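The values are calculated or read from the model by the stated rules, or taken from the named source; none is laboratory data. As the structure is a computational prediction, the values presented were derived from the model and not from experiment. Virtual Cβ from ideal backbone geometry, glycine too; neighbours counted across all protein chains shown. Heads up: the accessible areas ignore ligands, DNA and RNA and are worked out on the full protein's heavy atoms, side chains in. Shrake-Rupley method; radii C 1.70, N 1.55, O 1.52, S 1.80 Å.
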Amino acid sequence: VLATNPVLHVPASKEPEPRRRHLSPAEAEALVAAIAHPAAQACHALMLATGIERGVALKLRHRDIARIVDDTNVLATVYAAGTKRAHRNRTCMVYGRWASLWRVVEGYLKAHPGLPDGELWGELTEYGLHSQLRLALKARGVEDYRTHDHRHTWAVQALRDGLSILIVAHQLGHRDAVMTLRVYGPFV
């Protein structure tokens, strides 16, 4: 029998800081403008305007987009069918902050009308989406930015705009606000 527990003397490793790389709204708009492929440009604009993840964005159908025509601050909603858990199924809003990026999506939808069950982006693949972003990042001189960081851009700006942490958690598809606070707490 040991007199002491040797595990108590082993220093625990620190949990790494969560990734929070994000762009300002002006940088996000310039990045989207630098994307040459129309479907990739609209898809990146949609991800930045809603905070939805890449896998969900690529699977969107025309029926998942609802345009709002009234005097509220919401421009549209996007039904995001989550890929991991049932709570990831959610309706995401596009509010006034991202109106310029939503116009990019609207322009694409008008130029490419489709059946309600039709794919939104045509033949756009995950590789094509990534390669178009990589080219735009190089053209804009932006380093250390990934497609997933669109979510961080949306969340940080939403919190700076005064949206509730609960709304941000819902839009990102988090089960509750705990994870959202852990990652984005410094911006609240």
Fill in: Dipole of segment 3-93, positive end: most advanced residue of VAL78, ASN89, HIS37 [Cβ charges, Cα centre]
ASN89
Worksheet entry | Residues listed by number, segment 130-172, amide nitrogen under 11 Å from ALA36 label point at 7 Å toward C-beta | 132, 135-136
Worksheet item: ³J(HN,Hα) across segment 168-183 via Karplus (A = 6.51, B = -1.76, C = 1.60, θ = phi - 60°), whole Hz, x for Gly/Pro?
Response: 4, 4, 4, 5, 7, x, 6, 4, 8, 7, 4, 5, 4, 5, 4, 7
Worksheet item: Under 5 Å between amide H atoms, partner at least 5 residues away or on a different chain: which partners does THR91 have, H built in plane at 1.01 Å?
Response: ALA80
Fill in: Sulfur and carbon atoms: percent of accessible area, segment 31-188 [1.4 Å]
54
Discussion item. Placing unit charges on C-beta atoms (Lys and Arg positive, Asp and Glu negative, everything else neutral), compute the dipole magnitude of the chain about its Cα centre in debye, rounded to 20.
Written reply: 320
Practice prompt. Identify which of PRO113, PRO25, PRO11 has the largest mean-square fluctuation in a Gaussian network model of the chain, with springs joining Cα atoms closer than 10 Å.
Written response: PRO11
Worksheet item: Hey, if you put +1 on the Cβ of every Lys and Arg and -1 on every Asp and Glu Cβ in the chain, which of SER164, ALA111, LEU101 ends up farthest toward the positive end of that dipole?
Response: SER164
Worksheet item: So, how do all the Cα-to-Cα distances of the chain break down into 10 Å bins, in percent, from 0 on up?
Response: 9, 35, 33, 12, 5, 4, 2, 0
Worksheet, complete the sentence: Once normalised by the length of the chain, the mean sequence separation of its alpha carbon contacts under 8 Å that are 6 or more apart gives a contact order in percent of 29
Worksheet item: Separation between the ARG63 and ARG182 pseudo-spin-labels, each 7 Å from Cα along Cα→Cβ, expressed in nm?
Response: 3.6
Worksheet, complete the sentence: Applied in sequence order to segment 112-124, the curve 6.51 cos²θ - 1.76 cosθ + 1.60 (Karplus, θ = phi - 60°) yields integer Hz couplings, x standing for Gly and Pro, of 10, x, x, 5, x, 8, x, 5, 6, 9, x, 8, 5
